[in-house]
Amino acid sequence: AESIQLSIVVFGASGDLAKKKTYPALYALYSKGFLPADLQIIGYARSSMTDQQLRDRIQAGLPKSSDPDKVSGFLTHCTYMSGSYNGSDGYIQLSSKLEAWEKGKSAQGAAAASGRMTSARFGRLMYLALPPTTYPEVCAGLTEFVKEYGPHAENGLSWFRVIMEKPFGFDLETSEELAQTLGELLSEEHIYRIDHYLGKELVQNLLILRFANSIMGAWWSRHYISNVQITFKEDFGTQGRGGYFDQYGIVRDVIQNHLMQVLALLTMEAPVSMHPDDVRDEKVKVIRCMTPIRPEDCILGQYVAGNGQAGYLEDPTVPKGSKQATYAATKLYIRNERWEGVPFIIKAGKALNERLAVVRVQLKTPPLSIFGDLSNMRNELVIKMQPGEAIYIKMVVKKPGLEIEKEMSELDLTYPERYKDIVIPDAYERLILDCIRGDQQHFVRRDELRAAWAVCTPLLHAIDRGQVPLELYEHGSRGPASVDKWTSDNGYIKTDYV
Ligand code: BG6
């Protein structure tokens with residue numbers, strides 16, 4: 001393969017996201033040999049720091065079990081540059097640093113080829129591990145100094161890509177404003193809006209599972225499916241992230257993006273091909289068929305102290321007396337022929353009894369039974385995204401033995417058992433590699449983002465106006481007390497299954 005000379009700039013290099021996610025993902029790619037030998041990774045932030053101080057920070061964020069030789073090899077590629085996000089000084093400096101390195105590489109290449117012309121290819125990946133309020137100024141600064149790129153660019157710059165982290169806006173309107181501003185600076189092919197749920201193994205498995213198995217297509221509709229639940233639970237609270245979290249709340253933090261993306265993959269029609277735009281076209285289509293979530297179809301919660309853990313309002317980074325929701329159970333419908341009438345229940349909460357992200361597709365009870373009551377023995381396809389990735393289908397079988405007795409069992413694909421020797425890569429690792437390869441399939445397109453905001457915005461506005469009551473629940477509990485009944489009122493039957 002043609003080799004590329006790659007510069008990665010991590011904006012916000014001194015922050016938490018860079019330390020916990022970006023650098024560890026880059027390290028993992030490096031240690032597995034997925035990054036080119038000609039590589040520089042420049043950390044950029046406002047604070048003043050030496051290269052060594054940044055390297056110490058990065059190292060502190062890497063897994064303890066990392067190979068020390070690989071770690072030091074990786075760190076030699078990492079340097080630091082301090083500069084501001086507004087004004088042009090920082091970007092001019094950054095640009096000359098990038099150019100100097102690229103020129104040096106071209107000269108080395110020419111020397112190695114003993115004067116023969118070589119076609120240097122340079123890629124620049126800008127990772128914005130920053131609050132979105134800074135995006136317009138950063139993108140303006142960046143684009144001003146990247147004048148020409150593309151396969152024929154004179155300076156050999158083959159591509160320029162910008163990875164951005166959510167939240168992309170606050171509601172439909174502000175998201176559109178941001179998209180508009182960025183759209184004037186960068187075209188869609190340069191923008192990689194990251195939603196790390198799209199990088200998770202079982203989320204990436206959804207399309208194969210659905211469209212490479214005839215057994216799945218047959219029952220994947222309102223004719224057999226009673227209800228679908230997507231549940232996200234975390235067993236920890238805001239933990240010092242209260243300042244960020246309180247501005248956004250649980251619906252913006254995980255439902256509008258991560259869980260809506262999972263829902264789109266579960267419910268979209270088969271794409272024309274696996275081309276990124278074909279896949280995203282189908283996602284947009286199904287999201288546009290989703291009904292906006294009605295405030296009356298939502299239960300909100302906020303955690304209080306429990307099980308020896310502090311409540312939301314006791315987090316010093318949370319504003320006093322905040323009414324922000326840390327839990328939401330919501331319901332929507334998809335108005336198309338396949339899904340008409342099926343409730344899609346989305347639940348997400350922090351400070352609950354466990355960490356779990358799971359999809360449950362529950363089938364209808366068979367129309368008649370010659371085996372007695374089957375009403376609480378429904379088939380259910382369970383897709384456990386984390387932890388302990390698994391796919392299983394709950395089935396009714398004969399209990400082995402002399403008597404004819406039925407019981408619930410399962411067809412089970414549990415990854416840690418089936419794929420013992422495979423270490424599942426982290427979501428960020430895959431997505432950064434996709435970006436380097438120029439594959440946008442698992443990044444959110446602008447029209448997709450708009451459609452997803454349209455589903456959530458009426459609810460968000462009602463919440464902001466204080467029109468949705470807030471139930472309290474204890475840290476470490478299963479969430480607001482009214483949720484179980486609400487879920488069963490929406491058709492979900494808890495099966496006799498252990
Ligand atoms: C982030 C949210 O996008 O996703 C966090 O901002 C949340 O609040 C996190 O904790 C969950 O990601 P994961 O991969 O740990 O499930």
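The values are calculated or read from the model by the stated rules, or taken from the named source; none is laboratory data. None of the values given here were measured: they were computed from a predicted structure. FYI the Cβ positions are ideal-geometry reconstructions off the backbone, even for glycines, and counts take in every protein chain you see. To get the accessible areas, we keep the full protein, side chains included, count just its heavy atoms, and leave off ligands, DNA and RNA. Shrake-Rupley method; radii C 1.70, N 1.55, O 1.52, S 1.80 Å.
Observations
- Dipole magnitude of the chain, debye to nearest 20 (Cβ charges: Lys/Arg +1, Asp/Glu -1, about Cα centre): 420 debye
- Taking the charge dipole of the stretch 53-126 about its Cα centre, with +1 at Lys and Arg Cβ atoms and -1 at Asp and Glu Cβ atoms, the residue from Y80, L54, P68 reaching farthest to the positive side is P68.
- With R₀ fixed at 35 Å, the C-beta to C-beta distance from A113 to R437 puts the FRET efficiency at about 0.85.
- Measuring r between the beta carbons of I393 and L472 and using R0 = 45 Å, the FRET efficiency lands at 0.80.
- Sorted on the mean count of surrounding Cβ atoms within 10 Å across their residues, most packed first, peptides 293-302, 175-184 read 293-302, 175-184.
- 3J(HN,Hα) along the stretch 436-441: 4, 7, x, 9, 9, 3 Hz, from the Karplus curve 6.51 cos²θ - 1.76 cosθ + 1.60 with θ = phi - 60°, whole Hz, x for Gly and Pro.
- Hydrodynamic estimate: the Kirkwood radius of the chain over Cα pairs, inserted into Stokes-Einstein at 10 °C and 1.306 mPa s, corresponds to D of 64 µm²/s.
- ³J(HN,Hα) computed for each position of the stretch 196-203 - Karplus, 6.51 cos²θ - 1.76 cosθ + 1.60, integer Hz, glycine/proline x: 5, 5, 6, x, 7, 3, 6, 6
- Heavy-atom SASA rank of T317, T330 (probe 1.4 Å, accessible area, largest first): T317, T330
- Model label sites at K64 and T291, defined 7 Å from Cα along the beta-carbon direction, differ in position by 5.1 nm.
- For Y303, distant residues with modelled amide H under 5 Å away: Y312, T326, Y473
- Partners of K394 within straight-line reach, counting lysines whose Cα lies under 19 Å from its Cα and excluding those fewer than 8 residues away in the same chain: K364, K384, K406, K494.
- Accessible surface for E403 stands near 120 Å², nearest 10, in the context of the full protein assembly shown (1.4 Å probe).
- Built amide H within the under 5 Å cut-off of G237, gap 5+: A351
- Peptides ranked, highest mean first, by Cβ atoms within 10 Å: ranges 130-138, 339-347, 47-55: 339-347, 130-138, 47-55
- Candidate lysines for bridging to K19, where Cα separation is under 20 Å - those fewer than 8 sequence places away on the same chain excluded: K32, K64, K70, K166, K200
- Here the spin labels are modelled as points 7 Å beyond Cα on the Cα-Cβ line, and at E314 and Q53 they lie 3.5 nm apart.
- When the chain is described by a simple charge dipole with +1 on each Lys and Arg Cβ and -1 on each Asp and Glu Cβ, the residue from G341, N227, P167 located farthest towards its positive end is N227.
- In order along the stretch 480-491, the Karplus-derived 3J(HN,Hα) couplings, from 6.51 cos²θ - 1.76 cosθ + 1.60 at θ = phi - 60°, round to x, 4, 7, 5, 4, 5, 4, 5, 6, 4, 8, x Hz, and Gly and Pro are given as x.
- Ignoring lysines fewer than eight residues from K320 along the same chain, the ones with Cα atoms less than 24 angstrom from its Cα are K350.
- Computed magnitude of the charge dipole of the stretch 16-79 (debye, nearest 20; Cβ of K, R +1, Cβ of D, E -1): 280 debye
- Rounded percent of accessible protein surface that carbon and sulfur make up, the stretch 249-387, 1.4 Å probe: 54 percent
- The H on the amide N of D426, modeled in the peptide plane, is under 5 Å from the matching H of no residue at least 5 residues off or on a different chain.
- Cβ-derived FRET efficiency at R0 60 Å, N376 paired with S96, nearest 0.05: 0.30
- Solvent exposure of the chain, expressed per residue, is 46 Å² of accessible area, with all protein chains present and a 1.4 angstrom probe.
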